[in-house]
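Visitor: Shown below is the structure under consideration.
What follows is calculated from the coordinates using simple rules that are stated; it is not laboratory data. Only a predicted model underlies this, so the values are computations on that prediction, with no experimental measurement involved. Note that we place each Cβ from the backbone using ideal geometry, even for glycine, and neighbour counts take in every protein chain shown.
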Amino acid sequence: WPVFADDIDAILTLKRQRNAVILAHNYQTPEIYHCVADLVGDSLALARLAQTTEADIIVLAGVHFMAETAKLLNPEKTVLIPDQEAGCSLAESITAEDVRGLRALHPGAPVVTYVNTSAAVKAESDICCTSGNARKVVESLGVKRVIMIPDEFLARNIAAETDVEIITWKGRCEVHERFTAADVRDVREAHPGVIVLAHPECPPEVVKEADFSGSTAVMSDFISSRKPPRVALLTECSMSDNIAVGNPEVEFVRPCNLCPHMKRITLKNIRQALEHNRHEVTIDPAIAGKARRAVERMLAI
Ligand code: 13P
Ligand code: SF4
């Protein structure tokens, strides 16, 4: 990939000089994921990895809530996000005030908050979850009823797996909400024998039609361990590109949707982040302590 070589060399040098690590989400483009990232994973893995790194600087190649989570867990370190506009439709869908309103409507129900939220929303929550541990988190609370925010589809998909009653919100992932049950049927018809994996942010009728559902890391493990001859991943497009490299015997059928927020991160702005220390993530100390407790409570499970 000669077109990327200059930026890749510069990033590798800057990382050494500055004692920096790059944590990259599974939806980053392959030149980031394979050539400059030190650690890759789903949202849960990135939170865990952020907790253990000894670097002075963390560059989060992902979206803003992921960088905020890394900062919550590493208040003493410099955490950089290469593009501050890398947001998320789920994080945008709810405010701290909305959470207070939900609590008032459903007194006594604990609030389980998807990590795809702002630190201010996390600070109003009892515990966080990711798509990789949502059911475990809900059931760990030992209650009959929880408020699970902000992803309506994730909440409904978890509700289908547990006896705990789940009250939810109206947030949607703009990438996964676009998949339909008809897409699954079309893929099966066009590619006989295909195994369909759907992210739990997809609508419940899509998850129901799929063969398997799990977080991006769970999908990746499924493919590496079972090596199905043909798969379709109903998720963000870079996911198949990234894991196809380690699974050359698997055919990836690609009905996918791009996340415009994830795609804001590029080799160019990662390089600039390391060169100019930008954009540094800061969190209001008035909310940081409470938000950190909700994330740490999740990580302790
Ligand atoms: P996971 O990688 O945790 O499955 O999350 C997917 C996602 O949409 C992150 O933005
Ligand atoms: Fe948010 Fe969906 Fe993009 Fe993930 S894929 S960052 S949930 S909009």
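Visitor: Among Ile149, Ile166, Val99, pick out the residue whose Cα is farthest towards the positive end of the charge dipole of the range 53-180, where Lys and Arg carry +1 and Asp and Glu carry -1 on C-beta, about the Cα centre.
Guide: It is Ile166, whose Cα lies furthest towards the positive end.
Visitor: With charges set only on the Cβ (+1 for Lys and Arg, -1 for Asp and Glu), what does the dipole of the chain come to about its Cα centre, in debye to the nearest 20?
Guide: 520
Visitor: Taking amide H positions as placed 1.01 Å from N in the peptide plane, with prolines and chain starts having none, which residues 5 or more places from Ile167, or on another chain, fall under 5 Å of its amide H?
Guide: Here Val146, Ile147, Met148 satisfy the definition.
Visitor: To the nearest 20 debye, what is the magnitude of the charge dipole of the range 179-238 about its Cα centre, counting +1 on the Cβ of each Lys and Arg and -1 on the Cβ of each Asp and Glu?
Guide: Dipole about the Cα centre, nearest 20: 280 debye.
Visitor: Non-local amide H neighbours of Val40 (under 5 Å, H modeled in plane, Pro and chain starts lacking H): which ones?
Guide: Here the answer is Ala24, since their amide H atoms fall under 5 Å of that of Val40.
Visitor: Assuming a ≥ b ≥ c are the square roots of the Cα gyration tensor eigenvalues, decide whether the range 221-301 counts as rounded (a/c under 1.5), prolate (otherwise, with a/b larger than b/c) or oblate.
Guide: Since a/c reaches 1.5 but b/c is at least a/b, the shape of the range 221-301 is classed as oblate.
Visitor: Tell me, what are the semi-axes, in whole angstrom and largest first, of the equivalent ellipsoid of the range 89-153 as set by the roots of 5 times the Cα gyration tensor eigenvalues?
Guide: Whole-Å semi-axes of the equivalent ellipsoid: 17, 15, 9.
Visitor: A follow-up question, please. Quote the FRET efficiency, to the nearest 0.05, computed for Lys268 versus Arg16 with a Förster distance R0 of 25 Å and r equal to the Cβ-Cβ distance.
Guide: 0.80
Visitor: Quick one: work out the % antiparallel among DSSP beta bridges in the chain, nearest 5.
Guide: In the chain, approximately 5 percent of DSSP beta bridges are antiparallel ones.
Visitor: What is the distance in Å between the Cα centroid of the range 1-70 and that of the range 216-272?
Guide: 16
Visitor: Using the scaling law 2.2 N^0.38 Å as the reference, what is the normalised Cα Rg of the range 1-84?
Guide: 1.02
Visitor: Per residue and in Å³, how big is the convex hull formed by the alpha-carbon atoms of the chain?
Guide: So the per-residue Cα hull volume is 124 Å³.
Visitor: Further question on the same structure: With N set to the number of residues, divide the alpha-carbon radius of gyration of the range 141-281 by 2.2 N^0.38 Å and report two decimals.
Guide: Compactness ratio reported: 1.21.
Visitor: Now, a different point. Multiply the residue separation of Phe212 and Asp6 by 0.36 nm, subtract the distance between their alpha-carbon atoms, and state the gained length in nm to one decimal.
Guide: Using 0.36 nm per residue and subtracting the Cα-Cα distance, I get 70.1 nm.
Visitor: Please report, in debye to the nearest 20, how large the charge dipole of the range 222-301 is about its Cα centre when each Lys and Arg carries +1 at its beta carbon and each Asp and Glu carries -1 there.
Guide: Magnitude of the dipole: close to 140 debye.
Visitor: Here's another thing I want to ask about it. What are the ³J(HN,Hα) values, in whole Hz, obtained from phi via the Karplus relation 6.51 cos²θ - 1.76 cosθ + 1.60 with θ = phi - 60°, for each residue of the range 124-130 in sequence order, with x given for Gly and Pro?
Guide: Those phi angles translate into 8, 10, 7, 7, 9, 8, 10 Hz.
Visitor: Which order results if Ser224, Ser213 are arranged by neighbouring Cβ count within 10 Å, fewest first?
Guide: Ser224, Ser213
Visitor: Out of residues 5 or more away from Ile127 or on other chains, whose amide H comes under 5 Å of its own, with H placed 1.01 Å from N in the peptide plane?
Guide: Hits under the 5 Å cutoff: Val111, Thr113.
Visitor: Which order, highest average first, do 239-247, 197-205 follow once you tally other Cβ atoms within 10 Å for each residue and take the mean per peptide?
Guide: The most tightly packed comes first, giving 197-205, 239-247.
Visitor: Based on the Cβ-Cβ distance from Lys290 to Thr78, what FRET efficiency comes out when R0 is 30 Å, to the nearest 0.05?
Guide: Computed FRET efficiency for Lys290 and Thr78: 0.85.
Visitor: Just the C-alpha atoms of the range 43-196: what Rg/Rh do they give, with Rh taken as the Kirkwood radius?
Guide: 1.02
Visitor: Between the range 161-182 and the range 101-117, how many Å separate their Cα centres?
Guide: Between the Cα centre of the range 161-182 and that of the range 101-117, the gap is 16 Å.
Visitor: Which value, in Å to one decimal place, does the Kirkwood hydrodynamic radius take for the range 52-143 when every pair of different Cα atoms is included?
Guide: It works out to 14.4 Å.
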